[in-house]
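Report on one structure; see the data block that follows.
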Amino acid sequence: MHVAVVARGNGLAEARVLAQTLERQQPGWALTVLLMPGLRPELHEGAEPFEVLVPGNLEFPLRGLLERAPAPALAGLLRPLLAAELFARGADRVLVLAPDAELYGPLDALEAALQSHSAVLVPRLDGRLPQDGKRPDGADLVDAGEIDDELVAIRGDEVGQAFVTWWRDRAFEAAEAAAKLESPADATRLAASPLSSAERVFEGLTRLGDPGYDVSHWNLHERPLAQGEDELTAAGRPVRLLRWAGFRPDRPWWLSEHGSRTLVLDDPVLSTLVRRRAEALRIAGWLRLDHLSVNPDDLPNGLVYDARLQRLRAEAEDAGERMGDVISPTGADAFAEWLTAPAPQGAAAGLNRYSYDVWKERADVRSAYPDLDGPDAEGFLGWLWVHGREELKLQTALLPSPPDWAAKPEHRVPSVLVAGYLRGTLGLGQAGRAYTAALQSAGVAVATRTLAVDPPSDGLERKAPPRPQERTFTDVALPVGEEPEVNFLCVNADQTPELVEALGEEMDGRYTIASWAWETDYIPERWDRAFGLVDELWVYSTYIADNLARASNVPIVVMPLPVEAPDPAGATVPFAVPDGFVFLFVFDFFSTLERKNPLGLVEAFKQAFAPGEGPTLLLKTINADYRVQERERLRYAIGDRPDIVMVDQSLEPNELAALFTRADCYVSLHRAEGFGLTLAESMALGKPVIATGFSANTDFMTPSNSYLVDWELTEVGPDAEHYPANAHWAEPSLEHAAALMREVFDDQDAARARGDRARRDVLASLNTKAIGERARARLLRVSALRAGRAQPDERWPHPDLPGRLGFDLSGGAAGGARGLVRRGVFRALKPYTTSERALDETLVESIRRLSLELDAERAAWARERRMSAQRDARLEELRVRLETADRHRRAPDQERMAQELAQLLTAARAIPFMAGDPFEYFAHPVAGRVFGFRAAAGEGVPDEEAYRAFEDIFRGSHERVRSLAEPYAELMAGHGPVLDVGCGRGELLEVLRDAGIEARGVDLDAGMAARAAERGLDVVVGDGVAYVEGLEPASVGAIVSMQVIEHLPREALLRLFAAAKRALRPGGLFVAETVNPHAGHALKTFWVDLTHQHPVFPEVTLALAADAGFAGAFVCHLAGGRDAERDRFSESSYAVVATA
């Protein structure tokens, strides 16, 4: 049996584990692994315990599907192609298998079924999927297909091979169709396994119904696992093959990314298997997929190869553009250059092909902006940036620069409409209610508008969850006849456009303030539109102000959340709280596990206290049922510690207050907080609080009123949901946190004293009335600025200074009307602020100087951070390379043999280079699938032009040959004048001319010479050898012949070497490039050119140079790695360089 595996990402590490289990259970079976595009090269350097192929090794023409087809559809096509390849090599039986498969015993039943059938198929399920709202569900089964196309055994008889061909054709059609779709979901459905219909097409196929085969997340609910003394069973049958689709060893609490039905921690047998699997994958070199593989939708230059780019590239190729392989760096750059080239219309205004394509596809846009070469170009540019970019998901890197528009002055506003999730239980709802109460306490006229709270969702749970529990809140209105004049939007940036749309025209003419929170230093580009919809931002903390100032074009005012001590009002905690000392942490799973960091808290608690030592860590959560994988991860971290308790339950405000009151200490090892309300409320109750000394909580937490944990700045990384991976936040010291927890527990009197200080500090500065007065003062300031009764203060050069010095961050940005011009301005203005009091000129000047110094320090810090990130990336790269090198040292013989085998296979399957696709595979009614052409162009080629036409196909375009000639310019430097013998179309002459080197060419083909002359090159028609013989002695600096000497008979070859020696000046160079017969693939394709006389080995040219009297000579491969020893058997050409 020959096992065929198609792998992508960490499938290579999975294949190594598969190879080990095959060796144990089915010794003698061969394994071939086909690597999908997008796998970084260093992952598969060196020897493997199996044969490694890439799609280029397959004979089947993929017609660009490697670049265009979504990964599932492409993998579905490559499986039958690999099976066909193995049969073509002589395999008698092929088992198509997933890289994640693991054998637990010999596959006797499978082999027995294949003895009497041409193919054996395996269904994913024995019965039906439960209707429990969990994944996988019926829709998933439709998307994947009833039959597992990664567990198919095929015999190489007539029916078996016909079945493979049928499978290939169905998969090819699906991949081509999927490549044209914009919806990933639709493309996934097209990639569904077609094998469920195969039994209706072919006789001789059978299904294997043994529950011990294909055990996976699809069927574990109906195949319970049991571990006996000698073997593992599923539904009472011995497990023979288990699939680990979607399993990650860095998440050993979760079985599959594709399912949520089977929970690892609830099944002791599965837990043991998972631990073993994780360890095996780590040993096999499994690393995080997002670090090691390339997103197949991402091009090397950072562009996303989305449906628009795929279509544009196809259109460009249809029009004759040749930009190379788009998944290569040079091809991607060439494609980007083509996309950003001037458009047919609007080029004077900066429009390019990419933006012009948008204009062409939208009839409404063309109607609104018909004259791109006239006055409408600027309006269209504005539409692109304000509306089109978000609506059509356009790529900013490809858009022309936006127009430089300015905001209009607007009018003063006195009263406030507060809009948001005012009944919500989450942070935004709490903030909106608290701000409303603060404004009312300060006598500000307020109206409210409450939005419905959307239910949470999770990609792994399809059932519609119940609407989240809501708080009691009654909307208020202004007196009849009065309208609010300030909009205060208590929703975050990504929800602001939706709220603005919901309020509609009601917002027009008002000054708009929004309250946003963001916990990292990188502001997502998707917020750009939201910045354009507001006039001012109120933020909870100076930390958020610092973050948003990096991108904001509107004033930012620090407006802390009002804080009052939670009041239980006689309520009790509705669940049993352990006796004794309780450390409490409260969080929402929707606030992300990575940011809230309960895993770090659990580890710190374990470091601080042994089981049963006394205290309890209570984790009170909500929404765990909608983040099942994260919940299981936290349970996995807690393990068997009875003194760490997790309770997921939504509480009423007074019940939550009772819980805070019961706790002895509140702990938060967050990586970043926008405010830290639970911290502030615990402090308001007089509780000692331990927290990371980073982000917003440091506005009210100090070393004298709390316990601040040390931290280091770190990148967010790829697993933090909506937070950008390249942003930064804190990594708290678990050792320091453990020490502080121990200190609080051991010295509870001191901890209570510090908590009492915290209570006084928080209630004095953050109480509702204090914040209300602060908000009222800001609104009065805005009113004066809008009415023109106050002059806008000059900008602060540094966004942090006013907040640090005790002033509000304010300014005079225009607001109100939501026209296109106003919304077009985002990220175009720098953050600015104005003071709330008059400062004398000396203080202003001093602060300016200080701010400029701080700006310089911030820039230096940012540069250091970037350099540090680059160093980290380099270290990661070096680590991977060291691991690879270590494998090389352990298995040098295997590596050498694998390389030699790869070279032999490459040579044996070499196909001559052909420009474009002059020939193709197509169906013939008698001969079957054939290779050729179906329609000749024109009446044929005259004899005198036949070789030129041959060169155009098999040598390539002018641009291609010129690129091959470019390395020779450096070699010829200082050796002019140069004679190019057999100059052909003049590519080398053109390179030399552009390098400033005098050169002439000679060619026997008048048509070739005419092409070169048309380019302004100095070319004569004649026999090249005779021309060299006619030169004056010592008259030229270099003589070069590119792909010529293989055309010469022996006598002419000897004459050329002798004549060149005579015509060269002392120190001059004779360079002859020719086919390298040491490379098997080159030697095979050498005979494509019918005018070739014989291959000329490098050793022969060196001998000829010595016989002709040259002072020295060497052989090199300028197109290769420039290491003659390494390139000798791999590069298709070489050059002999002889010195006169």
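A few points about this structure:
- Under the condition of being over 19 Å from GLU630 (Cβ atoms), modelled with pLDDT of 90 or more and not in a strand (DSSP E or B), the residues counted in segment 705-726 number 3.
- Among residues of segment 713-738 that are assigned by TED's automatic domain parsing to the domain that holds GLU519 and surrounded by 19 or more Cβ atoms within 10 Å (Cβ to Cβ), none has a Cβ under 7 angstrom from a residue that is in a loop (DSSP other than H, G, I, E, B) and aromatic (Phe, Trp, Tyr) at a sequence gap of 6+ or on a separate chain.
- Test: residue in segment 738-750 that is under 38 Å from the mean Cα position of the chain (by Cα), modelled with pLDDT of 90 or more and of a type in the set (A, V, I, L, M, F, W, C): yes
- Qualifying positions in segment 143-170 - in contact with a strand residue (DSSP E or B) (Cβ under 9 Å, 6 or more places away or on another chain) and aromatic (Phe, Trp, Tyr): PHE163, TRP167
- Among residues of segment 492-521 that are within 30 Å of LYS596 (Cβ to Cβ), those with a beta-carbon under 7 Å from a residue that is of a type in the set (Lys, Arg) and surrounded by fewer than 18 Cβ atoms within 10 Å (Cβ to Cβ) at least six positions away or on a different chain give the pairs ASP494/ARG526; ASP521/ARG550.
- Within segment 605-623, the set of residues being hydrophobic (A, V, I, L, M, F, W, C) and crowded, with 19+ Cβ neighbours inside 10 Å comprises PHE605, ALA608, PHE609, LEU617, LEU618, LEU619, ILE622.
- Segment 520-547, subset touching a Phe, Trp or Tyr at 6+ places or on another chain (Cβ under 6 Å) and polar (S, T, N, Q), residue surrounded by the most Cβ atoms within 10 Å (Cβ to Cβ): ASN547
- Members of segment 198-223 found to be part of a loop (DSSP other than H, G, I, E, B) and hydrophobic (A, V, I, L, M, F, W, C), listed by number: PHE202, LEU208, TRP218, LEU220
- Scanning segment 199-213 for residues that are farther than 24 Å from LEU242 by Cα and of a type in the set (A, V, I, L, M, F, W, C), we see that the one that is modelled with the lowest pLDDT is VAL201.
- Selection from segment 956-994 of residues that are surrounded by fewer than 19 Cβ atoms within 10 Å (Cβ to Cβ), among the charged types (D, E, K, R) and closer than 22 Å to TYR1027 by Cα: ARG993
- Considering (1) over 30 Å from PHE931 (Cβ atoms); (2) more than 31 Å from the chain's Cα centre (by Cα); (3) modelled with pLDDT of 95 or more, the lone condition that LEU97 does not fulfil carries the number (2).
- Count of segment 1064-1081 residues which are within 25 Å of GLY976 (Cβ to Cβ) and either surrounded by fewer than 21 Cβ atoms within 10 Å (Cβ to Cβ) or of a type in the set (A, V, I, L, M, F, W, C) (or both): 8
- Matching residues in segment 500-519 - criterion: being of a type in the set (D, E, K, R), surrounded by fewer than 20 Cβ atoms within 10 Å (Cβ to Cβ) and not in a helix (DSSP H, G or I): ASP508
- Among the conditions (1) more than 26 Å from the chain's Cα centre (by Cα); (2) surrounded by fewer than 17 Cβ atoms within 10 Å (Cβ to Cβ); (3) not in a loop (DSSP other than H, G, I, E, B), the only one that GLY320 does not satisfy is (3).
- All positions within segment 346-376 that are assigned to a loop (DSSP other than H, G, I, E, B) and either surrounded by 19 or more Cβ atoms within 10 Å (Cβ to Cβ) or acidic (Asp, Glu) (or both): GLY346, LEU351, TYR369, ASP371, LEU372, ASP373, ASP376
- Check on LEU129, in a loop (DSSP other than H, G, I, E, B), at pLDDT below 95 and among the aliphatic types (A, V, I, L, M): yes
- Residues of segment 79-122 that are among the acidic types (Asp, Glu), buried (at least 19 other Cβ atoms within 10 Å of the Cβ) and not in a strand (DSSP E or B): GLU85, ASP100.
- For segment 525-547, taking the residues that are touching a residue at least 60 places away in the same chain (Cβ under 8 Å) and out of contact with any helix residue (DSSP H, G or I) (no Cβ under 8 Å at 6 or more places or on another chain), the one that is farthest from TRP383 (Cα to Cα) is identified as ASP546.
- Residue list for segment 701-712, restricted to those being in contact (Cβ under 8 Å) with a residue 24 or more places away in the chain and under 36 Å from the mean Cα position of the chain (by Cα): VAL709, ASP710
- Matching residues, segment 1082-1140, being surrounded by fewer than 18 Cβ atoms within 10 Å (Cβ to Cβ), part of a strand (DSSP E or B) and aromatic (Phe, Trp, Tyr): PHE1114
The values are calculated or read from the model by the stated rules, or taken from the named source; none is laboratory data. Just so you know, these numbers come straight off a predicted model, no measurement behind them. Ideal geometry is used to build each Cβ from the backbone, glycine not excepted, and the neighbour counts take in all protein chains shown.
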